[in-house]
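*Asks:* Below you'll find the structure I mean.
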Amino acid sequence: MTAFMDAMIFLIVIMIAIGTTAHYMSSDHEIMDPDQFLRQLSGIEVRLSDFTDLEDDSLVFLSDVMAYSVDNDSSVGIYLECLLSDIFGEHRFLLTYTYGDSIVEVGDMHDYYRSKAYLDIPVSIGGRINISLSIL
């Protein structure tokens, strides 16, 4: 029963975070430029415990959690997919990020895109994370 309540609280926190982030990142419902989205994404801070199994409530940059998620279990992919779906629409984006030799894709739009942007962000655990966003 406790695990169920923990899961429900976790989902509520994630949905609040997604709603808040989507609200502050969108302006007057105009389609956001992927370059603008990536620049804003690089400044988002989240609680580490909301996206990992770590018992650490420290605020970290979302890009650091993305780099961590490449080799570890994390719910950051679900968060990013919900966020991108709210902003660009479902099945209208492909976010790819690379850290080290690993590549993670969020979204399913592989063929055609209207606009694409790239961003290279330094990560606090060392190295850089390369992010690309394609939108239809």
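*Asks:* Which value in deg cm²/dmol, rounded to the nearest 500, describes the helix-derived mean residue ellipticity at 222 nm for the chain, given -39,500 (n - 2.57) per DSSP H run of n ≥ 4 and division by the residue count?
*Replies:* Details: 5 runs with 57 residues, N = 136.
Rounded to the nearest 500, it is -13000 deg cm²/dmol.
*Asks:* Quick one: net charge of A117's neighbours, Cβ under 13 Å, K/R +1, D/E -1? Don't jump to the answer; show the numbers that get you there.
*Replies:* On the way: positive: R39, R114, K116; negative: D33, D35, D120.
Spelling it out: positives minus negatives among the neighbours equals 0.
*Asks:* In terms of the Cα gyration tensor, with a ≥ b ≥ c the square roots of its eigenvalues, is segment 2-135 rounded because a/c is under 1.5, prolate because a/b exceeds b/c, or oblate? Show your work: numbers first, answer last.
*Replies:* Details: a/c = 1.70, a/b = 1.25, b/c = 1.36.
It comes out oblate by the Cα gyration axes.
*Asks:* Same structure, new question: Please return the longest range in the chain lying between exposed loop sites, taking GluC sites (Glu not before Pro), DSSP loop only, at most 14 other beta-carbon atoms within 10 Å, and leaving the sites out. Please list the in-between numbers first.
*Replies:* Numbers: sites that count: E30, E55, E90.
It runs 91-136.
*Asks:* Continuing with the same structure: Set Lys and Arg Cβ to +1 and Asp and Glu Cβ to -1, take the dipole of the chain about its Cα centre, and tell me which of S85, F10, L133 lies farthest positive.
*Replies:* Final value for the positive-end residue is L133.
*Asks:* Report the label-to-label distance for A22 and I125 in nanometres (one decimal), using points 7 Å from each Cα along the Cα→Cβ vector.
*Replies:* With each label point 7 Å from Cα toward Cβ, the separation is 2.8 nm.
*Asks:* By Kyte-Doolittle mean hydropathy of at least -0.5 and Cα axial length of at least 24 Å, which whole DSSP H helices of the chain are selected? Show your work: numbers first, answer last.
*Replies:* On the way: long enough: 2-25 (34 Å, 1.68).
Correct list, ordered by number: 2-25.
*Asks:* Do you know the relative contact order of segment 2-135, to the nearest whole percent, from alpha carbon pairs under 8 angstrom that are 6+ apart?
*Replies:* Values: 197 pairs, mean separation 30.3, N = 134.
The normalised contact order for segment 2-135 reaches 23 percent.
Values in this text are rule-based calculations from the coordinates and carry no lab data. Small disclaimer: the values here were computed from a predicted structure and weren't measured. A quick note on method: Cβ atoms are made from the backbone with ideal geometry, for glycine too, and the neighbour counts reach across all protein chains shown.
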